[in-house]
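Please read the structure below before turning to the comments.
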């Protein structure tokens, strides 16, 4: 037990201090490091601009600070994942299976990044605006998924709808720390599975309701043709 705890602690300490350096053996790639960095810089600039568009801020200075906070968060998440990729690849050579600790390490590192990011946003934005940022960073999955449940599963009670929305917002809180679209989707799926279990326990049949809804959509498409 002590060995496991010591290993986890060592992993966390290594992750927080790891600096990624280029290796001496360079592999020919389609893009140079500078070109990849330029592409990434343009990508997060577009993301930040899209998020800011939903906020409609009138203060140029505030807009700049929020933009910087959003871009810095994306960079921090990217650096976190790259550092962990490198570290676990190295550790795995002498400790097969060490990758199983990745989730725990990600949670520890993400907690600090998450708190710092929300703190920066809170200094500039209202709670409603912060919710908008979170929605944009998770592709509006809360609203889209909530509306899907309301359409697909018949006779949801107000209490069930409130619980669904609550769980989806918890998923969003975790998903904004995801380093990729696939990771964010996987986080939401974890909570959707919990929602489905809850609804089935309440007498709904989510799987059957989904099949029936899909059949109706196919019939509508066929009729339209």
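The values are calculated or read from the model by the stated rules, or taken from the named source; none is laboratory data. A quick note: this is a predicted structure, and the numbers were derived from the prediction, not measured. Counting neighbours? That spans all protein chains shown, and the Cβs are built from the backbone with ideal geometry, glycine included.
Here residue 166 fits the description: under 30 Å from residue 110 (Cβ atoms) and either outside any helix (DSSP H, G or I) or at pLDDT 95 or above (or both). Is it the case that residue 80 is surrounded by fewer than 18 Cβ atoms within 10 Å (Cβ to Cβ), touching a residue at least 24 places away in the same chain (Cβ under 8 Å) and either outside the structural domain of residue 187 (by TED's automatic domain parsing) or farther than 22 Å from residue 168 by Cβ (or both)? It is false that residue 80 is surrounded by fewer than 18 Cβ atoms within 10 Å (Cβ to Cβ), touching a residue at least 24 places away in the same chain (Cβ under 8 Å) and either outside the structural domain of residue 187 (by TED's automatic domain parsing) or farther than 22 Å from residue 168 by Cβ (or both).
On the phi > 0 side of the Ramachandran plot and either assigned by TED's automatic domain parsing to the domain that holds residue 189 or modelled with pLDDT of 95 or more (or both), is that true of residue 120? In short, no.
Taking residue 189 as the residue in question, decide whether it is touching a residue at least 24 places away in the same chain (Cβ under 8 Å), farther than 23 Å from residue 46 by Cα and part of a helix (DSSP H, G or I). For residue 189, the condition - touching a residue at least 24 places away in the same chain (Cβ under 8 Å), farther than 23 Å from residue 46 by Cα and part of a helix (DSSP H, G or I) - is not met. Of the listed requirements (1) at pLDDT 95 or above; (2) farther than 16 Å from residue 52 by Cβ; (3) not in a helix (DSSP H, G or I), residue 94 misses just one: (1). Looking only at residues in segment 97-109 that are at pLDDT 80 or above, more than 13 Å from residue 81 (Cβ to Cβ) and touching a helix residue (DSSP H, G or I) at 6+ places or on another chain (Cβ under 7 Å), the one that is surrounded by the most Cβ atoms within 10 Å (Cβ to Cβ) is 108. Within segment 195-216, the set of residues being touching a residue at least 24 places away in the same chain (Cβ under 8 Å), in a helix (DSSP H, G or I) and either exposed (fewer than 14 other Cβ atoms within 10 Å of the Cβ) or outside the structural domain of residue 160 (by TED's automatic domain parsing) (or both) is empty.
Is it the case, given these coordinates, that residue 171 is over 25 Å from the mean Cα position of the chain (by Cα) and touching a residue at least 24 places away in the same chain (Cβ under 8 Å)? So residue 171 does not fit the description; no.
Of all residues being part of a helix (DSSP H, G or I) and free of Cβ contacts under 8 Å to residues at least 12 places away in the same chain in segment 132-148, which is surrounded by the fewest Cβ atoms within 10 Å (Cβ to Cβ)? Just the residue, please. Among those that are part of a helix (DSSP H, G or I) and free of Cβ contacts under 8 Å to residues at least 12 places away in the same chain, it is 147. Within segment 29-42, is even one residue over 19 Å from residue 105 (Cβ atoms), at pLDDT 85 or above and surrounded by 13 or more Cβ atoms within 10 Å (Cβ to Cβ)? Yes, because at least one residue in segment 29-42 is over 19 Å from residue 105 (Cβ atoms), at pLDDT 85 or above and surrounded by 13 or more Cβ atoms within 10 Å (Cβ to Cβ). Do we have residue 184 as in contact (Cβ under 8 Å) with a residue 24 or more places away in the chain and in a helix (DSSP H, G or I) here? Here the answer is yes, as residue 184 does meet what is asked.
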